[in-house]
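The values are calculated or read from the model by the stated rules, or taken from the named source; none is laboratory data. What you see is a predicted model, and the numbers here were worked out from it, not measured in a lab. For neighbour counting, all protein chains shown are included, and Cβ atoms are generated from backbone atoms with ideal geometry for every residue, glycine included. We work out accessible area using only protein heavy atoms, side chains counted, and drop any ligands, DNA or RNA first. Shrake-Rupley method; radii C 1.70, N 1.55, O 1.52, S 1.80 Å.
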Amino acid sequence: KFNVRGMACSACQKSVEKAVKNLKGVNEVSVNLLNNSMLVDRDDSISYKEIEEAVKNAGYEASLKDEKKEGEITKEDPFEEDYKNMKKRLFWSFLFMIPLFYIAMGSMMGFPQPKFFVGREGLLNLALTQLILTSPILIINKKYFTGGFKALFKGHPNMDSLVAIGSFSAFIYGIFVIYRLSNGFVMGNEELIKRYSHEFYFESAGMILTLITLGKSLEARAKRKTTSAINSLMNLAPEKALVEREGKEEIGR
């Protein structure tokens, strides 16, 4: 039995199953999206390491489950670790997203803006500051890009692929706009400057990643709580029971 991390939808589940089923020596694979686990019926010709490597090449992470720890929440529990990682990513994403959103959208909402961001003279300052604030958000949430693009290039795109394409496209277009504005200032082309003065879209790239991370952190929290509740119910089951065999009562497990 394996723990599988990084799955977000049924497409992810099918990708993991397909990657492992294609291995020589694997008879049957069953992936459970709800508890992020995978059962593999295999021959001795294939090792656990090869199975883990196949899942990794598909854009996810797999590790052999420690049966001794099954039925209890520990530090090694995948949901506990995923939840902690998500909380950390969410905190740092919001730390950069809040000032990014303020300087990108604040003027539209009537909020005061620093003078070096206002008017024609502040356009490049505004664009470069948004670029600087967006870049850490992309780095913090790089998992969407590594997993999403890997799944896309292998021909089985998932939800992370859509997130990666959307945020990366907005970020690249923002960089393109900075170059066009620079050309406009150098050539004194006011029409070019006016055309691209409100088309940065860096906040879109940052917002997509931050909100998806918020959703996934809530999902990880819910899974953690659900698993804990199920394990608590399982622990209520008695280890021994009174069994009648051939008219005699005896204690069995």
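So the values come out like this:
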read-out: Only listed residue being surrounded by 18 or more Cβ atoms within 10 Å (Cβ to Cβ), assigned to a helix (DSSP H, G or I), modelled with pLDDT of 80 or more and acidic (Asp, Glu), chosen from Glu191, Glu203, Glu219; value: Glu203
read-out: Pairs, first more than 12 Å from Gln130 (Cβ to Cβ) and among the basic types (Lys, Arg) in segment 199-221, second open to solvent by 10 Å² or more (accessible area, probe 1.4 Å) and in a helix (DSSP H, G or I), C-beta under 6 Å, six or more apart; value: Lys216/Met86; Arg221/Tyr83
read-out: Selection status of Lys115, within 20 Å of Phe171 (Cβ to Cβ) and surrounded by fewer than 19 Cβ atoms within 10 Å (Cβ to Cβ); value: no
read-out: Residues of segment 137-165 classified as farther than 16 Å from Met7 by Cβ and either among the hydrophobic types (A, V, I, L, M, F, W, C) or open to solvent by 30 Å² or more (accessible area, probe 1.4 Å) (or both), total; value: 10
read-out: Of all residues making up segment 40-67, the number that are more than 27 Å from Phe145 (Cα to Cα) and either in a loop (DSSP other than H, G, I, E, B) or of a type in the set (A, V, I, L, M, F, W, C) (or both); value: 7
read-out: Residue match in segment 149-158 (condition: part of a helix (DSSP H, G or I), within 24 Å of Ala220 (Cβ to Cβ) and in contact (Cβ under 8 Å) with a residue 40 or more places away in the chain); value: yes
read-out: Whichever residue in segment 4-28 is within 19 Å of Gly147 (Cβ to Cβ) and part of a strand (DSSP E or B) and, among such residues, is most open to solvent (accessible area, probe 1.4 Å); value: Arg5
read-out: Residue, nearest to Ala205 (Cα to Cα), within segment 94-128, restricted to residues that are touching a Pro at 6+ places or on another chain (Cβ under 9 Å) and modelled with pLDDT under 95; value: Ile103
read-out: Number of the condition not met by Asn183 [criteria: (1) within 30 Å of Thr146 (Cβ to Cβ); (2) open to solvent by 50 Å² or more (accessible area, probe 1.4 Å); (3) modelled with pLDDT under 95]; value: (1)
read-out: Segment 68-93, residues that are at pLDDT 80 or above, open to solvent by less than 80 Å² (accessible area, probe 1.4 Å) and either in a loop (DSSP other than H, G, I, E, B) or of a type in the set (A, V, I, L, M, F, W, C) (or both); value: Met86, Leu90
read-out: Among residues of segment 29-61, those that are of a type outside the set (S, T, N, Q), modelled with pLDDT of 85 or more and open to solvent by less than 80 Å² (accessible area, probe 1.4 Å), counted; value: 12
read-out: Qualifying residues in segment 238-253 (those that are within 46 Å of the chain's Cα centre (by Cα) and open to solvent by 60 Å² or more (accessible area, probe 1.4 Å)) - the one modelled with the lowest pLDDT; value: Arg253
read-out: Yes/no for Ala170 being within 21 Å of Cys12 (Cα to Cα), out of contact with any strand residue (DSSP E or B) (no Cβ under 8 Å at 6 or more places or on another chain), among the hydrophobic types (A, V, I, L, M, F, W, C) and surrounded by 17 or more Cβ atoms within 10 Å (Cβ to Cβ); value: no
